[in-house]
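I have placed the structure first, in the form of C-alpha cells, so that the comments after it can refer back to it.
All of the numbers you see were taken from the coordinates with simple rules; none came from a lab. Just so we're clear, the structure is a prediction, and the values are computed from it rather than from any experiment.
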Amino acid sequence: MLKKNRHQRKLMKKYKVVVLFLVKKNNNKNKQNNKEKNKKKNKNKKKNKEKKERKKERKKERKKERKKNKNKSKEKKERKKEQQQQQQQQQQQQQEEEEEEEKEKTEEKQTRTK
C-alpha cells in the first residue's frame, strides 16, 4: 500500500508538472495570439481613423467647391442682370433718340410748309 501511494504521488507530481507546463504553454500561446489580435485591431483602428479623416477632408473640399460654385453662379446672375439693364438702357436711349429725330423731322416739315 505504501509503495503504491508513493508511486501515485510521484505520478501526480509528474502529472502536475506536465499539466502546469501545458497550461503555461497554452497561456503563452494565448498571450501570443492575443498580441497578434491586438496588433491587427490596432492596425485596423488606425486604418479606420485615417479613412474617417480622409472622408472628412473630402467632405470639406466638396463643401468648399459647392460654395465656390454657388458664388460663381450668383456672380453670373448678377452680371446677366447688369447686362440686361444695360441693354434696356441702350434700347431706351435709342428709342428716345429716334423719337427726337422724328420730332425734329416733323418740326422741319412744319417749318418748311410754313
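Odds and ends about this structure:
- Centre separation in Å (Cα based) which lies between segment 35-62 and segment 66-114: 61
- Entry note, the chain: the mean residue ellipticity at 222 nm calculated from DSSP H runs of n ≥ 4, each adding -39500 (n - 2.57), is -38000 deg cm²/dmol after division by the residues and rounding to the nearest 500.
- Cα-based helix-to-principal-axis angle, 2-113 vs the chain, degrees rounded to 10: 0
- Applying 0.36 nm per residue to the separation of residue 67 and residue 7 and subtracting their alpha-carbon distance, the gain on full extension is 12.8 nm.
- Among 100, 82, 65: highest mean-square fluctuation, GNM of the chain, C-alpha pairs under 10 Å: 100
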